[in-house]
1. Sort through GLN359, GLN339 and tell me the only one that's at pLDDT below 85 and over 22 Å from CYS308 (Cβ atoms).
2. Do any residues in segment 217-231 that are closer than 14 Å to VAL199 by Cα have Cβ atoms under 7 Å from those of residues that are part of a helix (DSSP H, G or I), where the two are at least six apart or on different chains, and which pairs are they?
3. Suppose we filter segment 399-439 for residues that are open to solvent by less than 90 Å² (accessible area, probe 1.4 Å) and under 21 Å from the mean Cα position of the chain (by Cα); how many remain?
4. Of the residues ARG390, ARG396, only one is out of contact with any helix residue (DSSP H, G or I) (no Cβ under 7 Å at 6 or more places or on another chain), open to solvent by 60 Å² or more (accessible area, probe 1.4 Å), among the charged types (D, E, K, R) and not in a strand (DSSP E or B); which?
5. Select, from SER299, SER321, the only residue that is modelled with pLDDT of 90 or more, out of contact with any strand residue (DSSP E or B) (no Cβ under 8 Å at 6 or more places or on another chain) and open to solvent by 20 Å² or more (accessible area, probe 1.4 Å).
6. Identify, from the list SER253, SER248, SER225, the residue that is under 23 Å from GLN153 (Cα atoms), small (Gly, Ala, Ser) and crowded, with 18+ Cβ neighbours inside 10 Å.
7. Inside segment 232-268, can you point out the residues that are without any contact (Cβ under 8 Å) to a residue 40 or more places away in the chain and over 20 Å from ASP350 (Cα atoms)?
8. Collect the residues in segment 372-387 that are open to solvent by 10 Å² or more (accessible area, probe 1.4 Å) and either among the charged types (D, E, K, R) or more than 20 Å from GLU269 (Cβ to Cβ) (or both), keeping them in residue-number order.
Amino acid sequence: MSLSRSPSPVPGGGWASPGLNISASGRSSPTRGYSGSSGTPVMWESARLKTGYPSFSTQNPSFLTRHMCRISSSLSRFSAINPHTDKEKPARGRWSIQRVPLVGRLRGMMGRLGKKMKIRLLILLLLLLSIIVFYQTPLIYRWRRTSWLGGGQKFVIILAANVGGGVTEWKGAREWAIERDSVRNKKKYVGRWGYELEVVDMSTKKRYAHEWRESWEKVDFIRTSLRKYPKAEWIWWLDLNTFIMEPSYSLQSHIFDRLEKHVYRDINEYNPLNISHPLTESYLDAESQSPIGDGNANSVNLILPQDCSGFNLGSFFVRRSAWTDRLLDVWWDPVSYEQKHMEWEHKEQDALEQLYISQPWIRKHTAFLPQRMINSFPPGACSENGNDTRIHYDQRDRDFLVNMAGCEWGRDCWGEMYNYRELSYYLNRMLWERFKEDFVAVIWYKLTGQKVKL
């Protein structure tokens, strides 16, 4: 006997849903249940349970099942709206995103993470926070000044400005621009490494009633700075026409951590003045007759570079000591100035050279640095013999500082300052800036033929 339809799932016959039962009218098709029907609606789940057939489920769900459940729980939920009772409005869709606050979402995400992943994220967050606090805030200046972290308080930079314009007391737009760029460059450098910066006015001052000493004020300013900063150990003097090309070099790592390897005591290694060294007088002690003094780097109190003409005081170091106090007093001596200032073309620089030649006690505590370590020259300076690898700036070696010495005599000071400033910015770009300028901009130029500055 063939059946016209499937047997009823209910053991006693008939269908669990009232609409599927054959009514008195003889209809065999199921009728739609609605809220006004006389029969009680029965869910399909209850019908399945009455049949006695159990559903299959595993006690240990697989890895894929667990993750599929997580994915499905984060999807948008279907809005069960009866199309017959609530008509769809134009601005409302059938799918509605569950509106959960952002804090709730984050808490839900964190709740689904494992314990190890939470610990890793916490460590990463603390590391990122430490980098921001210690390297991207003014706190970097404070902790790098401390003696047990950075030691920046041991160094003071004196920058010679010229607020009044010197003897003429006049400055144009270029002169103001040079001073502005030079001061900004030094401020960024000391802010990065925790040093002190003292900007001094080198305009002409009448020290005594009978003399004018322009550029001699550096002796007085060094003495004043030693009194003003009692914790300072080294004073670094810089002329205005200087520019620090590599701000990532600290003075400690660049020079003072290995001072004995960088300086030389014997001036015969590079002696443009042809000074006789060492002294051979019999009445001198062994250190004064030695070409390297006592050979101990801790006894060095004055560090100088030499250019093609001799000593260069555009960039030099002086250490706090009783020897330094004595040197400053003798260096400023008005009697020697009165007798020799007409012969000293380079003023205080020639005076120091004379003291080095004639005073053995000065030689014992003086050392020299290769010029390009703290005082590289542009091609226009000391150019009588062409390019000199001991003197002139080399971009490939990333020299520390450039001194546009003598640019006011026939050269363009502002042009040189601008070129080296832009070169320093280019050499010290961040990774993101290099990616934009060296990759994106190049690709754009090859595609469109137009240069773009990102």
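The values are calculated or read from the model by the stated rules, or taken from the named source; none is laboratory data. Only a predicted model underlies this, so the values are computations on that prediction, with no experimental measurement involved. Heads up, the Cβs are rebuilt from the backbone with ideal geometry, glycines too, and the neighbour counts pull from every protein chain shown. Remember, those area values only see protein heavy atoms, side chains included, never the ligands or the DNA or RNA. Shrake-Rupley method; radii C 1.70, N 1.55, O 1.52, S 1.80 Å.
1. Every option except GLN339 fails the conditions.
2. Listed by first residue and then by second, the contacts come to LYS218/GLU348; ILE222/LEU328.
3. 16
4. Within the list ARG390, ARG396, the selection yields ARG396.
5. Being modelled with pLDDT of 90 or more, out of contact with any strand residue (DSSP E or B) (no Cβ under 8 Å at 6 or more places or on another chain) and open to solvent by 20 Å² or more (accessible area, probe 1.4 Å) holds for just one of SER299, SER321, which is SER321.
6. SER225
7. Listed by number, the residues that qualify are SER253, PHE256, ASP257, ARG258, GLU260, LYS261.
8. If the condition is that a residue be open to solvent by 10 Å² or more (accessible area, probe 1.4 Å) and either among the charged types (D, E, K, R) or more than 20 Å from GLU269 (Cβ to Cβ) (or both), then ARG372, PRO379, GLY380, SER383, GLU384, GLY386, ASN387 are the ones that fit.
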